[in-house]
Each structure stands twice: as C-alpha cells, then as structure tokens.
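Undergrad: Input: one structure, supplied below.
The values are calculated or read from the model by the stated rules, or taken from the named source; none is laboratory data. Note that the structure is a prediction, hence the values are computed from the model and not measured. Cβ coordinates were reconstructed from backbone atoms using ideal geometry, including for glycine residues, and neighbour counts include every protein chain displayed.
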Amino acid sequence: MKKMRSGRLIIILSLLIFGGVCTGFFALQETRDFRIAKNLDIFFSLFRELNTFYVDEINPDKVIKTSIDDMLKSLDPYTVYYPESEADEFTFMTTGKYGGIGSLVRGGGDYVTISEVYKGFPADLAGIKAGDLLKKVDGVSLKGTSTEKVSDKLKGSAGTDISVTVERNGKDLEYKMKREKIVIPPVPYFGMIDSNTGYIRFTTFTQGCSQDVKNALVALKANNPKQIILDLRSNPGGLLTEAVEIVNFFVGEGNAVVSTKGKVKQFDEEFKTTKAALDDKIPLAILINSGTASAAEIVAGAIQDLDRGIIIGQRSYGKGLVQVTRPLSYNTQLKVTTAKYYIPSGRCVQALDFSHPNADGSVGIIPDSLISEFKTRNGRIVKNGGGITPDVPMLPESLSQVASELYLRYFIFDFATKYYWAHPDIKTPSQFALSDQDYADFRDFLIAKKFDYKTVTEQSLNELISNAKKEKYYALHKDLFNEIEKDITHSLDQDLSIFKPEIKELLEEEIIGRYFYDEGAIAWTIKKDSLINKAIEILNNKDKYSSILNGSTGPQLITQKDTPASNKKKLQNKGVFTASI
C-alpha cells in the first residue's frame, strides 16, 4: 500500500512540475493543469480501490483500455488509442501492409469463410479459393473462433511457415505456405474505357499511394486519352501529404491545395504544389459519394476550388479533421485530432460538430447559421460545413430489399461458389453473362435453402396487428387485416422476376470476381456504371464541361441507379465483421 501511495505521489508531482503550476496547486487554485492532476488522482484512487476490493479478479489491461476508449469517444471518432497488441492494425491503417497469406475472411457460422483471395499472394498461389471454410491453422481447430481471432492467428512475420486446412465441397484440404508482406493495392484497376477516356479506380490513401496513381496516369497517357476519370467513391482517405501529391499531377507548381489550423501552432501548415503537373490541361472528372472522406475530399475539393475538373456523384462524407500519430510508452500509439483542414477556397468540409455535442451526448451537423459561402477560382459559389457538393449531383437509387437480403445473408456468395466449381472456366469478364437457365438454377438454390424474408411493409403490418390486439381493435377489423395481409404478402417468384436485373448483376459481379479477382469485377461493372457513363457524356461535350467550370450551368439533380460495386460497399458496412489475413 505504501508503494502505491508513493507511485501516486510521483504521478501527481510530475504532472504539477510539468505543467508549471506547483504554486497554483498549493494555493488550491482551480487551474486547468490542477484539474487534470486532480482527476488523474481520482482515477488512480478509484482503480486502486477496484483492484483491491472488487469481488472478482480485474484484468487491468482490459479495464484501462475500456476507460481510454470511452474517454476518446467523448471527443471524436478519429482520436484512437492503439495498444501494443494492435500494432499490426495500426501499421495496416497507415501503410496498407501486413504480414499474412493475402485473403479476406468473414464470419457467420461455426467456421469463418474465405470471402476473397488477393491475386498473386500466398493463399492464391497455394490454391485457396473464395468460399472455402477455414477449419485449422497449424493443426489447431478454428471451430467457434471469432473472425478477429482467426485473423490474428493467420497474420505473422513475413517468411514464417503456416499450414491452413480448409473444407471445400465436403472435403478437407491442407495447404502449406509462407506468410508474405501483403500490400493492398490503392489502385485496384485502371484502363481505357473507350478510345478517348482513361479511368482510374483509387480506393485508399496509404503511404506511397500517389506513386500508384502516377503510374496509372502515365500508363494511360501512353494511349493518348482525351479525358480522365478519377474514381474516389467510397475512398475513406488517409495521408494528407499523398493528397497534395495527387492534386499536383493535375495542377502546376505553386497552387495552394490545403492548409491546417489547430490549437497547437506547430501543426498549422500550408501545403502547395511543388512540381510541374503531369497534365494540367486534360479534361478531368472526379467521382465521389457519401463514402468519400478525408484526404479523398481534399483531392476532390481542391480540384473543384481550383476549377481544374468537374465533380460528379453524391455529397461526400464531410471529414475536415486532421490526425497525427503520437508514440506513447510501452510501444503504444495515439492517433489524435490536432487540426481542421481548409481547401483552396478557404472552406472546411467538416460536417459534424464534435466541439458542441447535444445534451444527450449525440453530435449534430453544422447548423445552417454557421455555414458560409466561398468562391472557386472562377467565382463559382461553394459552401463549407457539409462535405463536397458535386457539380453534377446524382441521387442514388438503393437496391430492393430482396436483393439486399440475398447479399447480406450470403445467398449471392454461396451460389457464386457453387457456380464456380460447376463451371471451371469462363473466357473474359466482358463476354460473361448469367443465362436464364443459370437464373432459374439460382431460384431452385434459394428454394432448397428455404430462403424467405419479410418486407418492411409486412413487418409494419405485423406491428400494427400486434398493437391492434393489445388495444382490442383486432377482433373488430379481423377481416380487413386478413385482406390487407393477403394483398401485401410477397412472393419469391414475383420478387425474383421484378428485381431480376439488379439481382442478376450482383450474381454476375460475384461470379466474375471468382475467376478474375477484384480487377476483373471492376472492369465488368464499368460499362454498367451510370456515374461513369454520365462523366463520359459530359467530358465528350466540351461546351457542357466548360459551362460547369465557369459557373454558367447550375447543378442538375439526376437519379442514379447504383452499380453492384457501390451497393456492395454499402451492404458490407451492414454485414458480418470481415478481416484481412
């Protein structure tokens, strides 16, 4: 007990001396530094009492981690503590690299399932396929093991041996391989859509990602494109400096891209382009959606503010906060919000006001009274406080409920697995299409699996009937309720017929991914993508393109049928936890 008191005293004195408030402390002045010291002392005392008197043994690592996480959540969702045990996750977040076998797994049963295999990495080269059940790692059963723990078992230092046992079509197969450094490519696809249009799909701002974008752009320019589409949809952002580099590919030297301002002046900085552009004249369209955030918003916002290209899609996420990483003791890390960023017009895109939470702890959007107007280089009006508003807004159309249910409950995935093993080869993504017989087989597959679901309308009626029974109105209107129930009850055959186009597209994309990986699936979706087609239409019309940039054409809202790829991203955010291995 004496030792613990001494430790507490050292902590208090250290804090007081560091803060330079010893005099204030002894004078009992309620300075900010004193309040910090006082509350740390209370926390230390509380933990000591819990550790001594709580009825069960306390895991100090778990309890402290929980308290730190809850404390940081009260600030914003981007300030995060990484203990030593999560060092791999921290490295992956900043670099896109980790040691493993190169696959994505998801839960949902006794064993986790391989949901995707990354081309050219150990799992792929060994012969592991999407749809395989992971049964054992190094001879140890994985039954009942969580997705996260399976991921931890499969990750490790590059060059180390690993044995993986999977179940496929009822048979157990063992694969031996060496782990490698896995690098998720930030540019999973680029190519010429037609003779005039180059296309780059860019998914994350990890360390060095600008070089991948540069390589793609240089390769495309060898084909003499007349216009470029940069697809930033569902790109969650990342490193700010990489965003500056990418803007510099399209904008010449000396242009402001982004500035940061925070409480600590050392983090205030202005970032400008420093080199000649790769091409500062070629017509450019950038695609965004509600999942476009952070550094991706810097690229889209800077291009818009500098009137260098047009922005098409949906309003972006609205993350205008900057984080830096700070090393802590015992190999732990803190990612902490230090500043807000401002794009060339002077606006900040931050949408949520974390500095003024509501009474219940929730966070609201920036109020209209605090939203200001800014101007682009050509004098177009843009606003702060709500992400990047596209020059050509396209309202998304969501998937039907039956298609969502089929995807989220893995019926699309499982049928693709069945199809893959029944059809050893398909020639190219562009030549593939699911036949009417294949779609009929899918219907039979669903019937055999006893697939069923309730529509939102059916669920609402059930709730209405339940309330009517409680209030004793049901008996009075029983015939009416029965008639309504009969009229709105869905039919599987009817739903499969009405929503066949979107269900078929989901099936085709999943199946193509089995043969041609993520790159092939993206290539297949491009020609069906309404945002890409709209971008090509505007880029081909030079007068229209110019009128948007000079402000003579106002925004026109267009309903967009979401592609399977963009819909899948939304559904994945609702689905079972997945992890890279």
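Undergrad: Quick one: is Thr165 over 30 Å from Thr525 (Cα atoms) and over 21 Å from the mean Cα position of the chain (by Cα)? Step through it out loud before you land on a result.
TA: Details: over 30 Å from Thr525 (Cα atoms): yes; over 21 Å from the mean Cα position of the chain (by Cα): yes.
The answer is yes for Thr165.
Undergrad: Looking only at helices (runs of 4 or more DSSP H) that fall completely inside region 444-524, which ones have 2 or more residues that are surrounded by fewer than 19 Cβ atoms within 10 Å (Cβ to Cβ) and of a type in the set (Asp, Glu)?
TA: Details: elements: 456-470, 478-488, 492-498.
Once the helices (runs of 4 or more DSSP H) in region 444-524 are filtered for at least 2 residues that are surrounded by fewer than 19 Cβ atoms within 10 Å (Cβ to Cβ) and of a type in the set (Asp, Glu), what remains is 456-470, 478-488.
Undergrad: Restricting to region 201-240, what's the tally of residues that are of a type in the set (S, T, N, Q) and farther than 19 Å from Ala277 by Cβ? Spell out the reasoning first.
TA: In the first step, residues of region 201-240 are kept if they are of a type in the set (S, T, N, Q); the result is 203-204, 206-207, 210-211, 215, 223-224, 227, 234-235.
Retained after the next criterion (residues that are farther than 19 Å from Ala277 by Cβ): 203-204, 206-207, 234-235.
Qualifying residue count for the region: 6.
Undergrad: Output the residue which, of all residues in region 112-141 that are in contact with a helix residue (DSSP H, G or I) (Cβ under 6 Å, 6 or more places away or on another chain) and farther than 18 Å from Tyr410 by Cα, is surrounded by the fewest Cβ atoms within 10 Å (Cβ to Cβ).
TA: Lys119
Undergrad: Hey, another quick one. What is the number of the single condition among (1) in a loop (DSSP other than H, G, I, E, B); (2) more than 25 Å from the chain's Cα centre (by Cα); (3) farther than 30 Å from Leu328 by Cβ that Lys136 does not meet?
TA: Only one criterion in (1) in a loop (DSSP other than H, G, I, E, B); (2) more than 25 Å from the chain's Cα centre (by Cα); (3) farther than 30 Å from Leu328 by Cβ is unmet by Lys136, namely (1).
Undergrad: When residues of region 185-215 are filtered for being of a type in the set (Gly, Ala, Ser), within 21 Å of the chain's Cα centre (by Cα) and modelled with pLDDT of 95 or more, how many remain? Break it down stepwise before answering.
TA: Taking region 185-215 as the starting set, the residues that turn out to be of a type in the set (Gly, Ala, Ser) are 191, 195, 198, 208, 210.
Next, from what is left, pick out any that are within 21 Å of the chain's Cα centre (by Cα): 208, 210.
After this cut, where a residue has to be modelled with pLDDT of 95 or more as well, the list is 210.
Qualifying residue count for the region: 1.
Undergrad: Out of the residues in region 293-349 that are of a type in the set (Val, Ile, Thr) and part of a loop (DSSP other than H, G, I, E, B), which is farthest from Val247 (Cα to Cα)?
TA: Initial filter on region 293-349 (of a type in the set (Val, Ile, Thr)): 298-299, 303, 310-312, 322, 324-325, 332, 336-338, 343, 349.
Filter once more, keeping what is part of a loop (DSSP other than H, G, I, E, B): 332, 343, 349.
On the way: Thr332: 33, Ile343: 12, Val349: 17 Å.
In this case the residue turns out to be Thr332.
Undergrad: Go through (1) surrounded by fewer than 17 Cβ atoms within 10 Å (Cβ to Cβ); (2) β-branched (Val, Ile, Thr); (3) modelled with pLDDT under 95 and name the single condition Val218 misses.
TA: In the conditions (1) surrounded by fewer than 17 Cβ atoms within 10 Å (Cβ to Cβ); (2) β-branched (Val, Ile, Thr); (3) modelled with pLDDT under 95, Val218 misses (3) alone.
Undergrad: How many residues are in contact with a strand residue (DSSP E or B) (Cβ under 8 Å, 6 or more places away or on another chain), assigned to a loop (DSSP other than H, G, I, E, B) and surrounded by fewer than 16 Cβ atoms within 10 Å (Cβ to Cβ) if we restrict to region 142-173? Even if it seems obvious, please write down each step before you answer.
TA: Start the filter on region 142-173 by keeping residues that are in contact with a strand residue (DSSP E or B) (Cβ under 8 Å, 6 or more places away or on another chain), which leaves 142-143, 147-148, 150-151, 153-168, 172-173.
Add one more test, that the residue is assigned to a loop (DSSP other than H, G, I, E, B), and what stays is 142-143, 155-160.
Keeping just the survivors that are surrounded by fewer than 16 Cβ atoms within 10 Å (Cβ to Cβ) gives 143, 157-160.
Number of matching residues: 5.
Undergrad: While we're on this one: Only one residue in Tyr545, Tyr474 is modelled with pLDDT of 90 or more, in contact with a helix residue (DSSP H, G or I) (Cβ under 6 Å, 6 or more places away or on another chain) and outside the structural domain of Val137 (by TED's automatic domain parsing). Which one?
TA: After applying the criteria, what remains is Tyr545.
Undergrad: OK, next. Take the residues of region 384-404 that are crowded, with 19+ Cβ neighbours inside 10 Å and within 30 Å of Arg168 (Cβ to Cβ): which is nearest to the chain's Cα centre (by Cα)?
TA: Result: Leu399.
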